[in-house]
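**Q** My structure is below; once you've seen it, I'll send some questions.
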Amino acid sequence: MPSAPAGATVTDVPTAGGVEPVVARTREELHAARRSRTDGDVAVVMTMGALHEGHATLIETARQRAAHVVVTIFLNPLQFGPREDLSRYPRTFDSDMEICRRAGVDLVFAPTPDVIYRDGDPGVRISAGPLGNVLEGQARPGHFDGMLTVVAKLFHLTRADSAYFGQKDAQQLLLIRRMVRDLDFPVKVVSVPTVREPDGLAMSSRNTYLTDSDRETALCLSRALRAGAAAAAEGPSAIRRAARTVLVREPLALIDYLVLVHPSTLEDVPEWYRGEALLAVAGRVGTTRLIDNLPISVGPGGGALEVFTDVDSAGA
Ligand code: AMP
């Protein structure tokens, strides 16, 4: 990074890819950087690092709509179970910074766990409630309480006016919307459609775990979702059947669930249901647990949607 001229803040140092983001590692550094950004609204994009084009799209969408963009990079131990992949999760800070620079981020907040959890594991946490116990919550007990707890803390610490989250993590997005509504957080939640590889695989930091043959196998998830969407006009059982038919042809993908649920209750939609629904799938390929989903409009003229129009317009 080029050094700043004497008296200048690092905020305004130009680089080849854009302006060098300020990096805050402590609460004090974050507060100081935040205090100098009062000339317009602030958007936050929360990540666990290992950034890819999905994250870049969130940042660019935020950049188009807000005066300042803060990216948080924090691998939150609270949302990982004891047998999950916290220790092997990819840590790629330098290339993360390159993406932030290119995408026009002002401020990167990259704390360590002791900065976020000053007294160790927090005794007081956010409870995701019943919606946190189904689907991903059933497979990952406590995951959503840990996720919401850090999201709430990062809302407070960044004092963001808006926050951008990926449709890729549909249940996470729903729970964040619920937390913001139920607990009156003064922040606008914006969802961004899932960014995919050209062959359809949803981008994920965990895709780096996949071997070449795992990656081939993993394609059945997005293929199943597309097959389901193609049957959208015929109703719920046709959608489920079409998606399942793709998955059973791929025995190396160990499917955890394939569901067609209401986007705000996560309950299976009945056969008579017409309207927006979430087709979601999760499974293990090799050593990697993958999730994917498609918002679908069920009924005549139905098919895949980018994001939910009903839920989003009713959102916080
Ligand atoms: P993560 O770093 O995996 O916790 O993700 C940080 C944010 O990026 C979350 O809001 C995710 O939903 C979002 N995200 C991750 N992958 C994608 C993707 N392929 N497309 C869109 N958003 C994504």
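**Q** Which listed residue (22, 103, 77) has the Cα farthest towards the positive end of the charge dipole for the range 15-114, taking +1 on Lys and Arg C-beta and -1 on Asp and Glu C-beta about the Cα centre?
**A** Going by the Cα projections, it comes out as 77.
**Q** Of 210, 193, 230, which is farthest on the positive side of the dipole of the range 191-316, counting Cα position, with +1 on Lys and Arg Cβ, -1 on Asp and Glu Cβ, and the Cα centre as origin?
**A** 210
**Q** Tally Lys/Arg at +1 and Asp/Glu at -1 over every other residue whose Cβ is under 13 Å from the Cβ of residue 299; what's the total? Show your work: numbers first, answer last.
**A** On the way: positive: 274; negative: 234, 271, 276.
Net local charge, residue 299 excluded: -2.
**Q** Can you check what the net charge comes to around residue 157, using other residues whose Cβ is under 9 Å from the Cβ of residue 157 (Lys, Arg +1; Asp, Glu -1)?
**A** Charge balance in the 9 Å sphere: +4.
**Q** What's the angle, to the nearest 10 degrees (0 to 90), between helix 143-158's Cα axis and the longest principal axis of the chain?
**A** Value to nearest ten degrees: 30.
**Q** Once the other residues with Cβ under 10 Å from the Cβ of residue 44 are scored (Lys, Arg +1; Asp, Glu -1), what is the net sum?
**A** Residues near residue 44 contribute 0 overall.
**Q** Here's something else I'd like to know. Rounding to the nearest 20 debye, state how big the charge dipole of the chain is about its Cα centre with +1 on each Lys and Arg Cβ and -1 on each Asp and Glu Cβ.
**A** 200 debye
A short reminder: the numbers here are calculations on the coordinates, not readings from a lab. If you're wondering where the values come from, they're calculated on a predicted model, not measured in any experiment. Ideal geometry is used to build each Cβ from the backbone, glycine not excepted, and the neighbour counts take in all protein chains shown.
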